[in-house]
Amino acid sequence: MATKKKKTTAKKSPAKKTTRSSGLWLVKQEPEKYSWDDFVRDGRTDWTGVRNFQARNNLKQMKVGDRVLFYYSSTGKCVVGIAEVAKAAYADPTADDPQWVAVDIKPVKPLKEAVPLAAIRYTAKLANLPLIRQSQLSVMPLTKEEFDTIVARGNGKKK
């Protein structure tokens, strides 16, 4: 009696995962409270007052030299410049609880054109951007493609 051989099925490779731990970030700020111009004038600022666990965890992952997009929330709703992490996570001096952290960032350069939320929302390459999916999150990681796409748009290129 012949025995049947089991068919071996090739395992499917997992869907390509988008990595968000690339050292690229977006932080949100209300321009009425602290604008890009204020930031440039100061030359550096501490990013304090974050009281959301996910945003806090993102701050903890930031490393010196990471690039950061500076986004106006509320009024304007647009990316206006590029900053850089100048000091990694440390205890937030505005918090009574040591679980909260802050980082220092410094301005690198303004974008030639602000990139409005509407343009971001309707760009296919940005469909999974946390800014769209989790609109209340104040500190979020970006992929290299997301970062580059927004910067290109801010430099007048349709990427």
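Read the figures in this text as sums done on the coordinates, not as results from a lab. Here the structure is a predicted model, which is why all the values come from computation and not from measurement. Using ideal geometry, Cβ is built from the backbone for each residue, glycine included, and neighbour counts are taken over all protein chains shown.
Here are a few things to note about the model shown:
- Among the listed pairs Lys28/Lys158; Lys28/Lys109; Lys28/Lys144, those whose Cα-Cα separation exceeds 20 Å are Lys28/Lys158.
- Given charges at beta-carbon only (K, R positive; D, E negative), |dipole| of the chain in Debye: 1800
- In the list (i) 14.5; (ii) 13.8; (iii) 12.1, the label attached to mean projected area of the Cα convex hull in nm² as derived from the coordinates here is (ii).
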